[in-house]
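Engineer: Input: one structure, supplied below.
The values are calculated or read from the model by the stated rules, or taken from the named source; none is laboratory data. Here the structure is a predicted model, which means the values were calculated and not measured. Neighbour counts are summed over all protein chains in view; Cβ atoms, including those assigned to glycine, are modelled from backbone coordinates with ideal geometry.
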Amino acid sequence: MLKPDLSRIPLTPGVYLFLNAQGSVIYAGKAKNLRRRLASYFRPEDQLTPKTKSMLARAVNLETISTGTDNEALLLEAGLIKKHRPHYNILLRDDKDYPLFRLDQSSAYPRLEITRQSRSKSRRIARSVPSGESAQGKPPAPAKFFGPFSSAGDARAAWHTIHKAFPLRRCSDRSMKNRTRPCLYYHLGQCLAPCVLDVPPEQYAAMTDKIILLLEGKSSELLRLMEHEMRQASDRLEFEKAARLRNQIRAVQSTVEKQSVVLENERDLDAVGLMENERGLGLGLLIVRGGALLGNRNYFWPGLGLADAEELLYGFLLQHYAWTENIPPDILIPWPAKRAMNENLTNAVPLSDDTPPDTHSYEDEIFDHREVEQALSATRGGPVRISSPKSSAEFSLLGLASTNARDHARQETQQHLPQQLAIVFMRDEPVMRIEAVDVSHLAGSATRAGMVVFEDGRPLTEAWRSYSFDPGEGGGDDYAVLAAWAIRRAKEGPPWPDLLLIDGGRGQLNAVRRALSPYLPEQPFALAAIAKARTEEGHSDRRAGNINDRIFLPGRSNPLNLRPGSPELLFLQHVRNQAHNFVIGRHRRARARPVLTSALQGIPGLGPVFTRELWKQFDSLQNMRDAKDEELHRIPGMGPVRIKTLRAHLARIIDRD
């Protein structure tokens, strides 16, 4: 990229965007001083990292956005990275929230749910629901969140253990209102059945208080409380109650024993370790709650080295924590916060309006932990401290995180699919982004094409798309539908995939290639088709577990010579299967929609929008009829007149049936 006129770039805080020839954002960064930060990109090449050199070689344009404060720039940068997912930014590729426990205290009989929604998301949902009061006549209490858990499996195992020890209700609010007799869990002794039995709210609240102590990591305090209650029950000759408490104590002890205690003072913290190998940079995260090690997460970025470690850590902290409130008060990092890793910082020269634009200062390249601390503290609602380890226990914890990062980096290096796929499809760059497409229809009706996207071997579900086609756009002809889809995809523009995978054989592949050629003469991606293996009779072999599928390329009559069961072929089969399942699901939904809406057609004042919302909120006509007026009022635009009309129509339908 040619060096811009730095004198026209403001000295304010802000965000800068590097764009490629197609206009896509390939890098987003923030700066306390935009002119100073951008000047650092155009210093001698021997002072730039390989990643920065590669980015500048592809960049053709530069845009800046000024902000009022450094913190605004930091938050804007995080939002732009999440939106555009630039190729040269540090991306986690796995931005799902951790599994959490949610205890809704607004109910007189709360239940424990597994959720991935952060507190901020739950607040937004709560604002859209009309405010009410609890059973005690008080405003609803906020929900409490506990966790995180490193995997959904760990969360489910803990959830089952808690329910075996404490008889909480498991059914939803709607099911609870409609029950007329206790469920099976009541007869198993795992639910008090507040749905139909008169359970004192005070008794239920005492039980939830114990669960809160357990989930907050205060297991020793909980065990002392329960042992005291058990002795009291035994002294009063209430042996059944004493036996229940004994079983609860054993369940709590077995849960605590599964946790590895790494800090004696029951602190909450995360430890982040980094480790480099010849292929890239690995990061390991350990999650410690209440002094116990609950789990870990590991990441790997190919092509990065220790020169990129500071930017990687900065990007990780922002992306991992900035979009959730499940943040510990302490975060351990491998080096002292705000340590200058770049020796050129000693030569920094402050810039002013009169400073020549060629005068370079690299002050912004310091990892400024204070800005990140302020942003995370605001999100958490309490102080967050980022620091290096001080005690021997903290050093051991960070060493374990680094060991996990090293082991994961070694495993990713051995099994890094993007590099292997680049060899298979003869590409100069790793095959990071894959788009796969499949078609589904029923005798030419409700035709759908489904496109799934994978990045770095992981599904990017927010980019998955479903396309509908009229009968005149192909109908039951798969070739015509794929050609029509290819034209739509070409008109959508970038981001382009590194590989476009078609579910089909040479015919489907050629149909897509011919449709794309007028719009993309210089095709920016590899094109391939994956076809089912053939039986001895020459038919498609659709048996589950088949590892002999064939990969076809344009202009080549024979399939690629891929070893059956090779990692590359198995991964491409997985991508194809995801595209197939996705489009089948969308096709079934399209076929079912006329059936679902037909029962509500013809109601005066109730169009397709209201019909769709009714089916979304209530999964049967009976539930619609049994719904209370306040539940129906929650559907936007559903007033008393429409509710009266709906009830009369439903009564006629149900009574007739």
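Engineer: Across segment 177-192, what is the number of residues that are at pLDDT below 85 and either among the acidic types (Asp, Glu) or crowded, with 18+ Cβ neighbours inside 10 Å (or both)?
Structural biologist: Selection size over segment 177-192: 1.
Engineer: Now a separate question. Answer yes if at least one residue in segment 144-160 is at pLDDT below 50, in a helix (DSSP H, G or I) and buried (at least 16 other Cβ atoms within 10 Å of the Cβ), and no otherwise.
Structural biologist: From segment 144-160, those at pLDDT below 50 are none; that's our starting set.
Checked against the condition, which is being at pLDDT below 50, in a helix (DSSP H, G or I) and buried (at least 16 other Cβ atoms within 10 Å of the Cβ), segment 144-160 yields no hits at all.
Engineer: Also, I was wondering about something else. Between Ala21, Ala28, which is over 20 Å from Ala375 (Cβ atoms) and either of a type outside the set (Lys, Arg) or touching a residue at least 60 places away in the same chain (Cβ under 8 Å) (or both)?
Structural biologist: That would be Ala21, the only listed residue that is over 20 Å from Ala375 (Cβ atoms) and either of a type outside the set (Lys, Arg) or touching a residue at least 60 places away in the same chain (Cβ under 8 Å) (or both).
Engineer: Pull out all pairs, ordered by first then second residue, where Cβ-Cβ is under 8 Å, the residues are six or more apart or on different chains, the first lies in segment 462-483 and is of a type in the set (Lys, Arg), and the second is modelled with pLDDT of 85 or more.
Structural biologist: Hits for this filter: Arg465/Gly450; Arg465/Met451.
Engineer: So if I check each of Glu631, Glu568, which one is touching a Phe, Trp or Tyr at 6+ places or on another chain (Cβ under 9 Å), at pLDDT 80 or above and among the acidic types (Asp, Glu)?
Structural biologist: Glu631
Engineer: Turning to a different aspect of this structure: Please determine whether any residue of segment 229-250 is of a type outside the set (Ser, Thr, Tyr), under 33 Å from the mean Cα position of the chain (by Cα) and either more than 20 Å from His160 (Cα to Cα) or at pLDDT below 80 (or both).
Structural biologist: No, segment 229-250 contains no residue that is of a type outside the set (Ser, Thr, Tyr), under 33 Å from the mean Cα position of the chain (by Cα) and either more than 20 Å from His160 (Cα to Cα) or at pLDDT below 80 (or both).
Engineer: Within segment 184-195, can you find the residues that are assigned to a helix (DSSP H, G or I) and either over 16 Å from Tyr109 (Cα atoms) or among the hydrophobic types (A, V, I, L, M, F, W, C) (or both)? Talk me through it step by step, then tell me what you get.
Structural biologist: Start the filter on segment 184-195 by keeping residues that are assigned to a helix (DSSP H, G or I), which leaves 184-187.
Those that are assigned to a helix (DSSP H, G or I) and either over 16 Å from Tyr109 (Cα atoms) or among the hydrophobic types (A, V, I, L, M, F, W, C) (or both): Leu184, His187.
Engineer: Turning to a different aspect of this structure: Checking the structure you have, find out if any residue of segment 171-183 is farther than 18 Å from Leu245 by Cα, outside any loop (DSSP other than H, G, I, E, B) and among the small types (Gly, Ala, Ser).
Structural biologist: Yes, the conditions are met somewhere in segment 171-183.
Engineer: While we're looking at this one, here's another question. Residues Pro495, Pro524: which one is closer than 24 Å to Trp464 by Cα, within 28 Å of the chain's Cα centre (by Cα) and modelled with pLDDT of 85 or more?
Structural biologist: Numbers: Pro524 fails: within 28 Å of the chain's Cα centre (by Cα).
Of Pro495, Pro524, the one residue that is closer than 24 Å to Trp464 by Cα, within 28 Å of the chain's Cα centre (by Cα) and modelled with pLDDT of 85 or more is Pro495.
Engineer: Please enumerate the residues belonging to segment 294-317 that are more than 21 Å from the chain's Cα centre (by Cα) and in a helix (DSSP H, G or I).
Structural biologist: Leu306, Ala307, Asp308, Ala309, Glu310, Glu311
Engineer: Further, regarding this structure: Applying the selection to segment 462-484, what residues are at pLDDT below 90, under 28 Å from the mean Cα position of the chain (by Cα) and not basic (Lys, Arg)?
Structural biologist: Glu462, Ala463, Ser466, Tyr467, Ser468
Engineer: I would also like to ask the following. Go through segment 32-75 and give me each residue that's more than 15 Å from Leu6 (Cα to Cα), surrounded by fewer than 18 Cβ atoms within 10 Å (Cβ to Cβ) and aliphatic (A, V, I, L, M).
Structural biologist: Leu48, Ala57, Val60
Condition check ((1) at pLDDT 80 or above; (2) surrounded by 14 or more Cβ atoms within 10 Å (Cβ to Cβ); (3) in contact with a Phe, Trp or Tyr (Cβ under 7 Å, 6 or more places away or on another chain)) across all residues:
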{"residue": "Glu537", "(1), (2), (3)": "no, no, no"}
{"residue": "Val575", "(1), (2), (3)": "yes, yes, yes"}
{"residue": "His580", "(1), (2), (3)": "yes, yes, no"}
{"residue": "Lys616", "(1), (2), (3)": "no, no, no"}
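Engineer: While we're here: Does any residue of segment 32-53 turn out to be more than 19 Å from Ala73 (Cβ to Cβ), among the hydrophobic types (A, V, I, L, M, F, W, C) and in contact with a Leu (Cβ under 9 Å, 6 or more places away or on another chain)?
Structural biologist: The answer is yes, given that some residue of segment 32-53 is more than 19 Å from Ala73 (Cβ to Cβ), among the hydrophobic types (A, V, I, L, M, F, W, C) and in contact with a Leu (Cβ under 9 Å, 6 or more places away or on another chain).
Engineer: In segment 370-386, what count of residues is obtained for those that are touching a strand residue (DSSP E or B) at 6+ places or on another chain (Cβ under 7 Å) and of a type outside the set (A, V, I, L, M)?
Structural biologist: 2
Engineer: Would you say Arg514 is at pLDDT below 90 and either over 16 Å from Met451 (Cα atoms) or assigned by TED's automatic domain parsing to the domain that holds Val431 (or both)?
Structural biologist: Considered against the rule, which asks whether it is at pLDDT below 90 and either over 16 Å from Met451 (Cα atoms) or assigned by TED's automatic domain parsing to the domain that holds Val431 (or both), Arg514 comes out as no.
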